[in-house]
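Chemist: Sharing a structure below in structure tokens format, with a few things to ask.
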Amino acid sequence: MKILVTGGAGFIGSAVIRHVLAATDHTVVNVDKLTYAADLRSLEQADATGRYAFEQADICDAAAMQAILQRHQPDAIMHLAAESHVDRSIDGPGDFIRTNILGTYTLLDAALGYWRGLAGTKAEAFRFHHISTDEVFGALGDTGQFVEDTPYDPSSPYSASKASSDHLVRAWQRTYGLPTVVSNCSNNYGPYQFPEKLIPLTILNCRAEKPLPVYGTGSNVRDWLFVEDHAAALALVLTRGGVGQSYNIGGNSERTNLAVVETICALMDRLRPRAGGASHRDLITFVTDRPGHDFRYAIDAGKIRDALGFTPSVDFEAGLERTVAWYLGNEAWWRPLVDRQYGGERLGLAGARKTAVR
Ligand code: NAD
């Protein structure tokens, strides 16, 4: 099987490619524009498999998408390319509208044209798998969980753009018959995550003994999923998911943001104690909350468990320890990103809002 993965140089996309190349004999074509969030060093072992190709291209480029599909003749598409950081979507929504909505439309249309040209079993077996987020469902209060048919109620420009793309994917299935499947997952964490996100930012700020920013009171709750578990779940959804179906993927690991930061501090106290013996907890600094910050996300992952047999294998504390150890042991990966791309500055206060869709 040949799988075309969009966004394969990003955090989750690279985990998917590493998983597919290691656990199966499938071939992968990675289509990525290489934005600030991409890093091909996350895929250093891929070339050696002889089952990997890379195409640098923008999913908004219709001619490029059509040409790549014709050249590689994939059996399936896993669509992960997106602008993914909520705070950046608050400062500059244009890139999110462009890539997440217009890019998904462009890719869907190219995939439809390609699929219509396929014959027999190759056409029947073809899948367009759209990878989305639980943020499309909006905020929960203290109780309840998202199920697959929870009404969409996105809050941020990021989640609104992902909700739009989910609707487009379902429309292409219902209107044109394109065999699509959608998955919506909770917050991922693990190795190779760009250091703007909460967990790597906290680890690297602990390491540098810099303040650990916690938004508001730190009481917002997320359901954390180890990225390698997510990659395994996505492979199942692609190969065994039902056409027109969607699957929620969660980690059964709800934690407040403050609890996550405190757990990282405790791990850092053990794995890399501060000179002088103070706890990393002393670095915690409460900062202005994110505008429109959803209070809580929680996934009911019963459908993917019952239908596809997936349950996460990595518990949160073990996964977090692996993640902290990975960042401590892989400075060569993150140092260039911190020095050249993102130095830890606060994003998402809407102070530098750009409006144009480019
Ligand atoms: P990421 O930001 O780490 O990577 C995104 C990748 O997409 C990058 O390699 C980037 O270069 C590429 N890309 C961006 N715009 C592109 C374009 N126009 N054309 C081609 N490539 C482009 O994101 P991630 O965290 O790996 O997320 C992957 C997907 O999973 C996204 O669709 C995201 O919405 C979804 N998701 C992420 C999480 C999470 O916790 N990270 C949770 C749920 C869903």
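Let's see how each residue does on (1) touching a residue at least 12 places away in the same chain (Cβ under 8 Å); (2) more than 21 Å from the chain's Cα centre (by Cα); (3) not in a loop (DSSP other than H, G, I, E, B):
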| position | (1), (2), (3) |
| --- | --- |
| 238 | yes, no, yes |
| 261 | yes, no, yes |
| 268 | yes, yes, yes |
| 304 | yes, no, yes |
| 313 | yes, no, no |
| 320 | yes, no, yes |
| 326 | yes, no, yes |
| 337 | yes, no, yes |
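Chemist: List the number of the failed condition for residue 71; all other conditions in (1) within 11 Å of the ligand (Cβ to nearest atom); (2) out of contact with any helix residue (DSSP H, G or I) (no Cβ under 9 Å at 6 or more places or on another chain); (3) of a type in the set (Lys, Arg) hold.
Modeler: Status for residue 71: all satisfied but (1).
Chemist: To continue, here is another question. Would you point out which residue out of 280, 293 is modelled with pLDDT under 95, out of contact with any Pro (no Cβ under 8 Å at 6 or more places or on another chain), within 24 Å of residue 221 (Cα to Cα) and not small (Gly, Ala, Ser)?
Modeler: 293
Chemist: Here are some residues: 37, 53. Which one is touching a residue at least 24 places away in the same chain (Cβ under 8 Å), assigned to a loop (DSSP other than H, G, I, E, B) and not β-branched (Val, Ile, Thr)?
Modeler: 37
Chemist: Given (1) within 30 Å of residue 124 (Cα to Cα); (2) buried (at least 18 other Cβ atoms within 10 Å of the Cβ); (3) not aromatic (Phe, Trp, Tyr), identify the lone condition not met by residue 251.
Modeler: For residue 251, the failing item is (1).
Chemist: Would it be correct to say that residue 285 is part of a helix (DSSP H, G or I) and either surrounded by 20 or more Cβ atoms within 10 Å (Cβ to Cβ) or among the hydroxyl-bearing types (Ser, Thr, Tyr) (or both)?
Modeler: No: the conditions fail for residue 285.
Chemist: Of 77, 90, which residue is surrounded by 20 or more Cβ atoms within 10 Å (Cβ to Cβ) and more than 15 Å from the ligand (Cβ to nearest atom)?
Modeler: From the options 77, 90, the qualifying one is 90.
The values are calculated or read from the model by the stated rules, or taken from the named source; none is laboratory data. Predicted model, so just to flag it, every value in this text is computed and none were measured. Methodologically, a virtual Cβ is constructed for each residue, glycine included, from the backbone with ideal geometry; neighbour enumeration extends over all protein chains shown.
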